[in-house]
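Chemist: The structure is given below, and queries will be raised subsequently.
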Amino acid sequence: MAYGQHRSPFDTAHGYTYQDVLAASERINWRVEDLIGGDRRLDFTKPFMPEALARTEALTFLTPRERLTLNQIRGYEYLCIFGLVEEFILPFVLDHARPHLDENDWRTRAFLQFASEEAKHIHLFKRFRDEFQKDFGTTVDVIGPPAEIAKAVLAHDALAVAILILHIEWMTQQHYLHSVKEDHNLDPLFKSMLRHHWMEEAQHAKLDTLMVEALAAGRSEDAIMAAMAEYLEIGAMIDGGLQAQMDFNLDGLHRATGRNCEPLSPTERDEIAMVQWQAMRWTYIGSGMTHPKFVQTLTTLTPKAADMVAGVAPAFC
Ligand SMILES: [Fe+2]
Ligand SMILES: [Fe+2]
């Protein structure tokens, strides 16, 4: 085998190698300081999230300004949720790399670069959160704390966590390419953050594919399906977190728009909750579960894994 090449134990056609992924990653070289800070400020006259993810425009009983505020709260939530998931991705990738540091220099360098980029993303999302909090005017609570959520996720089978991370990385690709890229109404600063994140996540998705294949190698179909069941368990935990976050978002909307004085009717609040929870489910769960590359990797592990996900995905779309 050529040095730096990866031969998967599975019959895959992806052709990903540590060497190629590292080379692509090294060509992309941005700094947090270049994206936010100084005179680079969020523009609160514009939406932060594409409508395909925010799903605020159908809530016509809200005023246009209220719908825009809810969209921006969804942007803040996106920063917070990604901040949370990166908190468990970073230690997981380091733990995956560490026992094999002396075996393949390309592998070691690719995973350390991956970890370094995720540490940078954690910093990036925090800086955007700071800017949001400075100018938004009211607080929006967030689920957490991130360390506790990371601990709960990392307590699972490593293959289940790697599958979840693969889902998250492809989900980020879906968000940018299918919803963000062609949306020219978004705040340019927020869009630039999403674009720069996407650029690096494209490499992570490939490394995660190699990571999943390495962790699944030698496992029986039953053992792979046991990991799949744990992946769905973590998904259910995340879904519960999304519902809690949706309530925080609506409380934030009430505070930010003065609806505390003139509250929404119970029917209106129920409708926002229903639309928004489903929007969040699509954003963080459905868009990952249905990504063709994610499904393809599951199929190579065992078609049963892909079938399992196909059975539950419609509830999150
Ligand atoms: Fe990231
Ligand atoms: Fe990533």
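The values are calculated or read from the model by the stated rules, or taken from the named source; none is laboratory data. Note that the structure is a prediction, hence the values are computed from the model and not measured. FYI the Cβ positions are ideal-geometry reconstructions off the backbone, even for glycines, and counts take in every protein chain you see.
Chemist: Could you please let me know if Ala115 is within 16 Å of ligand 2 (Cβ to nearest atom), buried (at least 21 other Cβ atoms within 10 Å of the Cβ) and within 23 Å of Glu26 (Cβ to Cβ)?
Modeler: no
Chemist: Condition test on Glu26, is it surrounded by fewer than 17 Cβ atoms within 10 Å (Cβ to Cβ), at pLDDT 95 or above and among the acidic types (Asp, Glu)?
Modeler: Criteria met by Glu26.
Chemist: Which one of these is in contact (Cβ under 8 Å) with a residue 60 or more places away in the chain, among the small types (Gly, Ala, Ser) and under 19 Å from Ala202 (Cα atoms): Ala152, Ala158, Ala115, Ala110?
Modeler: One residue alone meets the criteria, Ala110.
Chemist: Something else about it: Select from the range 110-126 the residues that are over 17 Å from the mean Cα position of the chain (by Cα) and of a type in the set (A, V, I, L, M) and list them in ascending order.
Modeler: Ala110, Leu112
Chemist: Test Ala58 against the criterion of being modelled with pLDDT under 95 and surrounded by fewer than 21 Cβ atoms within 10 Å (Cβ to Cβ), and give yes or no.
Modeler: Answer is yes for this residue.
Chemist: Name the single residue, out of those in the range 173-209 being closer than 17 Å to Ile81 by Cα and of a type in the set (S, T, N, Q), that is farthest from ligand 2 (Cβ to nearest atom).
Modeler: The qualifying residue farthest from ligand 2 (Cβ to nearest atom) is Gln174.
Chemist: What is the residue count in the range 189-247 for residues that are within 18 Å of the chain's Cα centre (by Cα) and not acidic (Asp, Glu)?
Modeler: Going through the range 189-247 one residue at a time, the tally reaches 33.
Chemist: May I ask you to list the residues in the range 13-42 that are assigned to a helix (DSSP H, G or I) and touching a Leu at 6+ places or on another chain (Cβ under 8 Å)?
Modeler: Scanning the range 13-42 gives Tyr18, Val21, Val32.
Chemist: Let me ask something additional. Going by what's in this entry, would Phe88 be described as of a type in the set (Phe, Trp, Tyr) and within 11 Å of ligand 2 (Cβ to nearest atom)?
Modeler: The answer is no for Phe88.
Chemist: In this structure, does Asp141 turn out to be away from ligand 2 (no atom under 12 Å from the Cβ), at negative phi and either in a helix (DSSP H, G or I) or modelled with pLDDT under 95 (or both)?
Modeler: Against the criterion (away from ligand 2 (no atom under 12 Å from the Cβ), at negative phi and either in a helix (DSSP H, G or I) or modelled with pLDDT under 95 (or both)), Asp141 does not qualify.
Chemist: Now for a separate question. List every residue pair whose Cβ atoms sit under 7 Å apart, with the two residues 6 or more apart in sequence or on different chains, where the first one lies in the range 209-229 and is touching a residue at least 40 places away in the same chain (Cβ under 8 Å) and the second, anywhere, is in a loop (DSSP other than H, G, I, E, B) and surrounded by fewer than 13 Cβ atoms within 10 Å (Cβ to Cβ).
Modeler: Here the result reads Glu213/Pro9; Ala217/Pro9, each pair linking the range 209-229 to a residue that is in a loop (DSSP other than H, G, I, E, B) and surrounded by fewer than 13 Cβ atoms within 10 Å (Cβ to Cβ).
Chemist: Quickly run through the range 153-181 and pick out the residues that are among the charged types (D, E, K, R) and within 12 Å of ligand 1 (Cβ to nearest atom).
Modeler: Glu169 - this is the single residue of the range 153-181 that is among the charged types (D, E, K, R) and within 12 Å of ligand 1 (Cβ to nearest atom).
Here's the yes/no breakdown for (1) within 16 Å of ligand 1 (Cβ to nearest atom); (2) on the phi < 0 side of the Ramachandran plot; (3) not in a loop (DSSP other than H, G, I, E, B):
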{"position": "Thr60", "(1), (2), (3)": "no, yes, no"}
{"position": "Arg74", "(1), (2), (3)": "no, yes, yes"}
{"position": "Leu90", "(1), (2), (3)": "yes, yes, yes"}
{"position": "Asp95", "(1), (2), (3)": "no, yes, yes"}
{"position": "Arg98", "(1), (2), (3)": "no, yes, yes"}
{"position": "Asp102", "(1), (2), (3)": "no, yes, no"}
{"position": "Arg109", "(1), (2), (3)": "no, yes, yes"}
{"position": "Ala115", "(1), (2), (3)": "yes, yes, yes"}
{"position": "Ile122", "(1), (2), (3)": "yes, yes, yes"}
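Chemist: Would you confirm whether any residue within the range 126-138 is closer than 30 Å to Arg255 by Cα, of a type outside the set (Asp, Glu) and outside any helix (DSSP H, G or I)?
Modeler: Yes, there is a match, as at least one residue in the range 126-138 is closer than 30 Å to Arg255 by Cα, of a type outside the set (Asp, Glu) and outside any helix (DSSP H, G or I).
Chemist: Please find, within the range 188-238, the residue that is nearest to Gln72 (Cα to Cα) out of those that are small (Gly, Ala, Ser) and within 16 Å of ligand 1 (Cβ to nearest atom).
Modeler: So the residue we want is Ser192.
Chemist: Just checking, how many residues over the range 144-170 are over 15 Å from Gly83 (Cα atoms) and in a helix (DSSP H, G or I)?
Modeler: So the count comes out to 12.
Chemist: Next question. Only one of these is touching a residue at least 40 places away in the same chain (Cβ under 8 Å), away from ligand 2 (no atom under 16 Å from the Cβ) and farther than 23 Å from Ala150 by Cβ: Thr257, Thr297, Thr267. Name it.
Modeler: Just one listed residue meets the conditions, Thr257.
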